[in-house]
1. I need the per residue convex hull volume for region 171-225, using only the alpha carbons, in cubic angstrom as a whole number.
2. Loop only by DSSP, 14 or fewer other Cβ within 10 Å of the Cβ. Give me the GluC sites (Glu not before Pro) in region 439-487 that pass, ordered by residue number.
3. Specify the inter-centroid distance of region 47-113 and region 273-303, based on alpha-carbon positions, in whole Å.
4. Mind ranking 141-152, 101-112 by how tightly packed they are, going by the mean number of other C-beta atoms within 10 angstrom, highest first?
5. If the viscosity is 0.890 mPa s and the temperature 25 °C, what Stokes-Einstein diffusion coefficient in µm²/s follows for region 61-217 when Rh is the Kirkwood radius over Cα pairs?
6. Given the C-alpha centroids of region 471-504 and region 150-172, what is the distance between them in whole angstrom?
7. Using just the alpha carbons, could you tell me how many Å³ per residue the convex hull of the chain encloses?
8. Find the all-direction average of the projected area of the Cα convex hull for region 291-386, expressing the result in square nanometres with one decimal place.
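Just so it is clear, none of the values below were taken in a lab; they were calculated from the coordinates. All values derive from a computational prediction rather than experimental measurement. All Cβ positions, glycine included, derive from the backbone under ideal geometry; neighbour counts span all protein chains shown.
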Amino acid sequence: MSLLDILNRSRQKEKPEVVPVLPKDIYAAGALNLADTIAPAALKVDARELELGEKFARSYYTISYPRYLSDGWFEPVINMDAVLDIGIFIHPVETEAALRKFQKKVAEVQSQINEREGKGLVRDPMLDTAYQDLENLRDKLQQAQERLFDVGLYLTLYGESKEDLDKIEGDIRGVLDAKLIYTKPALFEQEQGFRSTLPLATDELSVHTKLNSSPLSSIFPFVSFDLTSDRGILYGINRHNASLILFDRFSLENYNSVVFAKSGSGKSYAMKLEILRSLMFGTDVIVIDPEREYAQLAESTDGRMFNISLSSEHHINPFDLPPVREDEDPSDILRSNIINLVGLFRIMLGGLTPEEDAIIDRAVTETYALKDISGNADFSGVEPPLLSDFESVLGGMQGSESLVQRLSKYTRGTWSGFINQPTNVDINRQFVVFSVRDMEDELKPVAMYIITHFIWNAVRHELKKRLLVIDEAWWMMKSEDTASFLYSLAKRGRKYYLGVATITQDVEDFLRSPYGRPILTNSSIQLLLKQSPTTIDTLKEVFNLTDQEKYLLLESGVGEGLFFAGLKHVAIKIVASYTEDQIITSDPSQLLAIKREKARLEASDGASAAPQ
C-alpha cells in the first residue's frame, strides 16, 4: 500500500485516524514500490497539521499580493534555515476570455467613477488607480506583451513538534507580511495541501490569484545566496545554483583569508588555483611552502623558488633593515626591527627570562651601533651586522654566558650555515616561493619567522598589490612569538596593500593559540573544505554552522566545502580547467605522468637533434 493509497483512505474517514502501513498489506500487494519505501510508518490528519510518523507538517496557501512585487521577494523564504516544501501552480488563462472580463471590469470601475462625479463626491484615488492598472494591463494583453495566469502558491512546513511548526510559521509569515503578502493555513484541508506540495503536480487546493507575466516572474524559486561581483577571480561554482563565485579579496574591508581542511581535501589545490588566477590580474604573490608543493607552479609561471635549509645556497640575514622611506622615521624602523629580533631569539634559544630578554635587547642595539646604525641617521645602504657580530657583543656582556652557549650552535655548530650569512635572496619577481621542506622540523618555526620578517620588510619598502600565502600555518602557531608576528601581519597588511592567506589542516592547534581566533576575525574570506569528525564540532561553534552545513563538510568531496565572504556564505566546488589542473596538481600519479611525458619529449627532442 503506497503513501497515496493511505492518503486516499484517510480522506474518506469522518474523524482523524492513524492509518498504519501493515507489512501484510504490502505482502498482499505482491510488490514493494518506491512509495512504500519512503512512506512514514503512520499518518494522522488533523484540522491544522499532519503527523507523519515522528514529524509534523502544516500547509498554507497564499491569498493576497501587493500591487507591486519586487525581484527576489521570495528569496528570504527559500533561503530560510527551515525544512519546507513549496508548490507553485501556474494555470494559463486564455487572453481572449481575459479581455472580455477586463472589458466588463473596466466598465464597472468607470461607472463607479462617473457615479461619484455625478453626486459631486470627492475623487476616490483607489478607483482611479484601479482604472489605470486595468487599462494598462488590457493594453499589454492586447499587444501580447503580457499574459494572465491563475497562480497557486502553497507552502508545507515540517518540524519535530507543533511548537517547532509555530516558530517556523511565525518566521515565514513575518517575512511575507512585511512584504504585504498574506497566507492562511489550509484548515481541514491539510491533506490536500500536503499532496499539493509533493512532486506530483496535483493542485488539490485550487486557491488561485490572477497574476500577469511580470509579477509572476518574481516568484522564480531557484535562487540562493550568490557571491558574484563585477570584478575579481573565479573561486569556484555555487553548488546550490551552479552560479559563478567571482570575488576580489582586495575589495573587502581587509584582504586576508583562512583555509581550514583535512589532509587531501584540496586546500593547497584551491590556493594554487587562486594564485594562478591572481597572477593573471597583476597581483604579486609570495608563498611560504613547507612541503615544496608550489615548485611546479613557480616553474610554469616564470617565478622564483628559494630552498631554505641548513645546506642551502640561499640565505637571509635577520639583521637586515629595510630602506627608510620619506614618510618614515628611521628610529621607528630600527626599534621595530629590534623588537622582532628579540622575538626571534626567544624562539631560537627556547625562551628567555626577563633578565635575558633585557640583555638580548641591549646586545642587539649595540650590535647595530657597531655598524653605525642608529635611529638618529638614515642607515639605507649600510651593511648590516651578522649573527656572529651579535655573538661577539653578547659575549662581552655580564650574565650572558648561558645565552652565548645556546647561541653557539647557530654560529659555529651544526646550524651555523642557516642564518649567519649575508642575504643573497632577491624577491624581485611576480611570483616567489620559499620552500622550507628540507629544513629540520625543530628549525621550521625559526625559518618561517625569518622569512616572514624578510617579506614584511620588502612589503613596507615598496607599495604594490601583494598576496602572502602561508601554507601549513600551524607551524607558526606553535610559538607565541611567530603567532604574534603572523597576527600583526594580518592586522597591518592592509595599509601596505597586502593580503595574508593562511592555510592549515590542524584546526585545533591553530585555534588553540591565543592569536588563532583574532587572525580568523581579521580575515574577510574563509574557506572550509572537507573536515574530519574530530574537528567539525569546533568549526561548527566557531563559524556558527547549521547541522546541514556540518554534515555537508563531513560528506564533501575533494575541492568541495563552504566559502565565506563578509556576511555571506555559499557551498562551493573548486573547478579548474585542464591546463590549470596540469600546472597546479599535487596528485602523485598525475605528477609522475607529467614527469614521464616531459622525459619522453626531451628524449624525442634529443634524438631529433642528433647528427645523422
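1. Details: hull volume 7.5 nm³, N = 55.
Dividing the Cα hull volume of region 171-225 by its residue count gives 136 Å³.
2. Sparse-neighbourhood loop GluC sites (Glu not before Pro): E440, E462.
3. About 53 Å separates the Cα centre of region 47-113 from the one of region 273-303.
4. Working: 141-152: 16.2, 101-112: 13.3.
Final packing ranking: 141-152, 101-112.
5. Values: Rh = 17.9 Å.
This corresponds to a translational diffusion coefficient of 137 µm²/s.
6. About 46 Å separates the Cα centre of region 471-504 from the one of region 150-172.
7. 309
8. Working: hull surface 35.6 nm².
Quarter of the Cα hull surface area: 8.9 nm².
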